[in-house]
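Accompanying notes for the structure given below.
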Amino acid sequence: MKGPLGPVLSGWLALAAATHLYFGGFGFPEPIAMRAFHLLAFVPPIFLLWPARPESPRERPSLLDWAWFAAAAAPHLWVWFQAGAVSDRMEYVDDFTPVMSAMAILAIVTLLEATRRAVEPGLAWMVVISIAYMGFGHLLPGVLNTRPFSVAEILEASWLVPTAGGVYGPLTGIVATTIAVFIIFGAFMAGSGTGRFFSNLGAAAAGRFTGGPAKVAVITSGLFGTMSGSSVSNVITTGAMTIPLMKRIGYRPAVAGGIESAASVGGAIMPPVMGAAAFVMAEITNIAYGEIVVAAALGAVLYYFAILAAVHFEAKRMGIAPMAEADIPTWREVLADAHLIIPMGVLAYLMMERWSGNYAAFCATLAMVGVALLRRRTRMSPRAIFNSLLNAGLTMAPLAVAIAGAGIVVSALTATGMVVAFGGIIKDLAGGSLPLLLILLALTVLVLGMGLPTTPSYIIAAAIGVPQLVAMGVEMLPAHLFIFYFAVLADVSPPVAAAAFAAASIAGAKPTITSLHATRFGIAGFTVGFAFIYDPGIMMRGSLTDILLAVAIQVGALAAITASYAGYFTAPTGPVPRLMLGAAGLVAAFVHAVPGPGRLGLVLAAMALAWGMGRLVTPERRVA
């Protein structure tokens, strides 16, 4: 931006992030005041930073943008000064005054425009539809019919129900406290050079193997995902380096984009720092974050195993060589940044010891600054610290409006009873069949993900689907993990896949084709999602035998499926072994009516037959 506005906005966002970090370590104000401060800090700047239209000038905001800025600040400033009175009022009992109505209208309208600009127009439309449903649902027939709501009730439910939903609901509270501090930790990881360590580690570990650049992309993107709260930003950050390199050594553009986008979205499921939705899960389930991390760890490893296996088979079939030796960093260079892993260990330890998430992230952030001082190349100057806070603020602003919008949707679904009604529709369609219910819920989450970021789609789908799963005997944690995995996969699944489309733009490929490749590289997300329900060993529950059997089934199934798709196992495979491997892998992964040992035996037999048939292929035909 031209003039002094750029530095002023940078200082605003950096100071807001620093204040959130301070609160994370020394205690938060009472909830209403904290949520008001959070929204006041991050919603108004969106109108100065994100242009209203693509053709709008980016170097300066217009007078209309300034009007939006003032309108967005007013309701949250009002709540800040009235925090005590807001906290003391009884929701839906005390009068919702004309002043409150005016503030609610300002808050909702500005939130919708901020969502349209900085997040997704689809989410803004979903919020509009939710509010409209509260207003006109009593005119609809059948299960969609609701009781009439007054205008004041609609405004109150959408804005100021701190204990249940709306803009000031618990979801905004989660972002304003725990998630915000983790985002700041991720920004400090990036600012300290941890990204360079991850990139060098991936290249040194995988660069010398077949299809090295693609395997480097997988490892690097997974590690970067622990720092990034957005799969799209992860694609843009790492894909700018890895996609051109993959194309240069022989991968088709759509395949390179698919590999990168599948690897990037997996960062949200990779402990110890999972996506924002994982913290929401911990809050709404009252399950310790450390327990969620343990339950999700094996699934995340299997997800990346499947991508690496698919990349390996693809590279073998295409004869793609490793990276050039000159492009592979030495282990000495990798170890020069290895000390930066210590703060992640601090974070993991504190979380496993059941410290609060915000305090653990606060300590890990301070540890990052301190540990970075150990070597000259990683020391963070005051400018680097400022930039890290600024980047955290830029990340939090869109997330703040996305979660507030999701809060309105959840509030509308709850107030109208649509959660029960829609859940009942799905339950009736499933007809008491748990497998069919799971398929319907998976499709619901994937459809929601077409227009929503991962966290809001998870929140809304969990509100609808988890009660149905629990009613059929599924435990709370696996039910939420099932929904969570499909919310993550929605970013790469067609027809609308934000992460895959971002990768396609870098690769110069068709977005839909890229998303199809991303979906098949991320196949483990689908198999592991169902395994959470049927194979508790995958969550490290049960005996050691149960855990090993669950992992072995997934490893065998994923290896067979990826080899079948690539057309290569230990040698190029013809139609018969490909069909055999694919069928055995799908049965092992999804047909849980067959006992675990039987599924494992089936896939091992198919792999043995495919290996034997590959041995019969002549060397000349293998080369061909």
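Determine, yes or no, whether THR570 is polar (S, T, N, Q) and at pLDDT below 90. The answer is yes for THR570. Against the conditions (1) buried (at least 17 other Cβ atoms within 10 Å of the Cβ); (2) hydrophobic (A, V, I, L, M, F, W, C); (3) not in a loop (DSSP other than H, G, I, E, B), MET380 satisfies every one except (3). The numbered conditions (1) part of a helix (DSSP H, G or I); (2) buried (at least 24 other Cβ atoms within 10 Å of the Cβ); (3) in contact with a Ser or Thr (Cβ under 8 Å, 6 or more places away or on another chain) are all true for VAL167 except (1).
Within region 16-39, the residues that satisfy the criterion of being touching a Phe, Trp or Tyr at 6+ places or on another chain (Cβ under 6 Å) and closer than 23 Å to VAL167 by Cβ are GLY24, MET34, ARG35, ALA36. Is it fair to say THR177 is in contact with a Gly (Cβ under 8 Å, 6 or more places away or on another chain) and either open to solvent by less than 10 Å² (accessible area, probe 1.4 Å) or in contact (Cβ under 8 Å) with a residue 40 or more places away in the chain (or both)? Against the criterion (in contact with a Gly (Cβ under 8 Å, 6 or more places away or on another chain) and either open to solvent by less than 10 Å² (accessible area, probe 1.4 Å) or in contact (Cβ under 8 Å) with a residue 40 or more places away in the chain (or both)), THR177 qualifies. MET344 passes every criterion in (1) buried (at least 18 other Cβ atoms within 10 Å of the Cβ); (2) at pLDDT 85 or above; (3) out of contact with any Phe, Trp or Tyr (no Cβ under 8 Å at 6 or more places or on another chain) apart from (2). Having 1 or more residues that are among the charged types (D, E, K, R) and either open to solvent by less than 20 Å² (accessible area, probe 1.4 Å) or more than 30 Å from ARG117 (Cα to Cα) (or both) is the bar; report the helices (runs of 4 or more DSSP H) wholly within region 411-475 that clear it. So the answer is 418-430.
When region 476-520 is filtered for residues that are over 13 Å from VAL445 (Cβ atoms), assigned to a loop (DSSP other than H, G, I, E, B) and open to solvent by 10 Å² or more (accessible area, probe 1.4 Å), the ones remaining, listed by number, are PRO494, PRO495, VAL496, GLY508, ALA509, LYS510. Here PHE279 does not qualify as modelled with pLDDT under 75, open to solvent by less than 40 Å² (accessible area, probe 1.4 Å) and among the aromatic types (Phe, Trp, Tyr). Assess whether PRO61 counts as being in a loop (DSSP other than H, G, I, E, B) and touching a Lys or Arg at 6+ places or on another chain (Cβ under 6 Å). Answer is no for this residue. So which residues in region 148-164 are over 30 Å from the mean Cα position of the chain (by Cα), in contact (Cβ under 8 Å) with a residue 40 or more places away in the chain and assigned to a loop (DSSP other than H, G, I, E, B), if there are any at all? Hit for region 148-164 is PHE149, nothing else.
This table checks each residue for (1) closer than 14 Å to TRP50 by Cβ; (2) open to solvent by 40 Å² or more (accessible area, probe 1.4 Å); (3) over 32 Å from the mean Cα position of the chain (by Cα).
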| site | (1), (2), (3) |
| --- | --- |
| PRO98 | no, yes, yes |
| ALA102 | no, yes, yes |
| ALA107 | no, no, no |
| LEU111 | yes, no, no |
| ARG116 | yes, yes, no |
| GLU120 | yes, yes, no |
| ILE129 | no, yes, no |
| PRO141 | no, yes, yes |
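For region 527-550, the set of residues classified as among the charged types (D, E, K, R) and more than 12 Å from ALA589 (Cα to Cα) consists of ARG541, ASP546, listed by residue number. Per this entry, PHE37 is not counted among residues that are surrounded by 14 or more Cβ atoms within 10 Å (Cβ to Cβ) and assigned to a loop (DSSP other than H, G, I, E, B).
Beta carbons closer than 6 Å, at least 6 apart along the sequence or on distinct chains, pair a first residue in region 477-494 that is among the polar types (S, T, N, Q) with a second that is open to solvent by 10 Å² or more (accessible area, probe 1.4 Å) for SER493/LEU446; SER493/THR519.
The values are calculated or read from the model by the stated rules, or taken from the named source; none is laboratory data. In this text, all values refer to a predicted model and were calculated from it rather than measured experimentally. We place every Cβ from the backbone using ideal geometry, glycine too, and count neighbours over all the protein chains shown. Please note that ligands, DNA and RNA were not included when accessible areas were found on the heavy atoms of the full protein model with its side chains. Shrake-Rupley method; radii C 1.70, N 1.55, O 1.52, S 1.80 Å.
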